[in-house]
Every structure is written in C-alpha cells, then in structure tokens.
Amino acid sequence: MKNLLSLGTLAFLAITLNSCCFGTLNNALTHGKCNVSLMRVPKDIEVTSGGKRLDVTKEMFAVSSSIGGSTTTTYYTSAVSLPAKKKATIELYSPSMNKRATVELKPKANKNLVFLDILFGAGSGLLIDIPTGNLKMLTPRLLDVQSALEGKPRNKWLSHGKLKRMGKRSAKKE
C-alpha cells in the first residue's frame with residue numbers, strides 16, 4: 001500500500017510539474033517577446049519604442065493547409081518584436097507620407113494558451129502561468145498601420161479578420 005501511495009504521489013508530481021505550462025513554454029521559446037504584425041505598411045516605415053528604433057522583420061502571421069492534401073501555405077508580414085508582459089507604446093513614421101502615429105499595446109491573457117493549459121494540464125499549468133504572467137501577449141496583434149498613420153481611432157481600423165484576409169491576398173500576389 002505504501003509503494004502504491006508513493007507511486008501515486010510521484011505520478012501526481014510528474015504530471016503537475018510537466019503539465020504543459022504552455023505560457024511558460026511559449027515564453028521560453030520566444031525569449032519573453034511578442035511579435036506584433038504590421039499590416040498595410042508603407043515600404044519606408046520606421047518603428048520606435050521608448051526612443052529605440054525597432055527592427056522591422058518578416059514574420060509568419062498565418063498558416064493554412066489543404067484538408068485533403070498536403071499543401072501548407074505560410075503567410076508572412078512585416079513585424080516588430082516587443083516584451084510581452086509590459087505595456088508598450090510604439091511610434092510609427094513614414095517619411096514618404098510624412099505622417100506619424102502612436103499606438104498603445106497592452107498585455108492580455110492569450111485565450112489559446114489558457115485553453116491548452118486547461119486541456120492538457122488539467123488546469124495545473126495555470127498555477128504556474130498566471131502568477132508568472134507567461135500567458136500575456138500584446139494586443140492588438142495585427143496593426144492597421146495605414147489607418148494609424150491617417151489618424152483614425154483604433155475602433156475605426158479594419159478588423160483583425162479583414163486585416164488577416166487582406167494580408168493573405170497581398171501575400172499571394174507577391
């Protein structure tokens with residue numbers, strides 16, 4: 001009976017400690033940074049945060065696959081990488097348009113990571129991810145740069161879905 005209890009305790013600890021803390025895993029893989037995709041971007045965009053110029057890179061923003069076949073399409077867009085756990089303010093500037101914009105990014109719990117922690121870790125992953133803040137991702141994830149530079153308020157930007165579809169269409173044309 002004592003061996004069975006010890007084995008049960010060991011199994012419980014193994015499951016708890018390896019309970020797929022997806023937020024922690026994601027944070028480790030991304031080095032605590034979050035990619036913010038820039039949609040509808042002028043080619044000469046300059047992005048700064050806290051007075052430091054950020055590198056604008058090409059990052060994956062969507063993947064689609066053919067259900068019956070093996071075709072997978074990966075879509076890329078311009079993106080910047082920022083720390084995921086803290087509020088950030090980025091300044092956008094386009095010399096060709098001679099316009100500036102400031103965008104506030106706020107950390108918010110990622111619903112997908114919460115779902116994975118609950119599904120695969122029976123919720124025990126949340127015991128680690130919530131206090132450490134590893135579930136946080138910056139929002140909005142897709143920035144409508146053109147609307148921001150035109151001075152439109154955030155609620156007048158194109159929706160996340162429209163920006164994603166637009167990005168996919170423009171990626172296919174390139």
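Would you be able to tell me the number of residues in segment 44-53 that are free of Cβ contacts under 8 Å to residues at least 40 places away in the same chain and of a type in the set (D, E, K, R)?
Of the residues in that region, 2 qualify.
Output the qualifying pairs, or none if there are none: Cβ atoms under 6 angstrom, residues six or more apart or on different chains, first residue in segment 140-152 and buried (at least 20 other Cβ atoms within 10 Å of the Cβ), second residue part of a strand (DSSP E or B) and basic (Lys, Arg).
Going by the 6 Å Cβ cut-off, the qualifying pairs are LEU149/LYS99.
Can you report the number of residues in segment 139-165 which are out of contact with any Lys or Arg (no Cβ under 7 Å at 6 or more places or on another chain) and part of a strand (DSSP E or B)?
Matching residues across segment 139-165 total 1.
Each value in this text was obtained by applying a stated rule to the coordinates, not by laboratory testing. A quick note: this is a predicted structure, and the numbers were derived from the prediction, not measured. Positions of Cβ are generated from backbone atoms using ideal geometry, with glycine treated the same way; all protein chains shown enter the neighbour counts.
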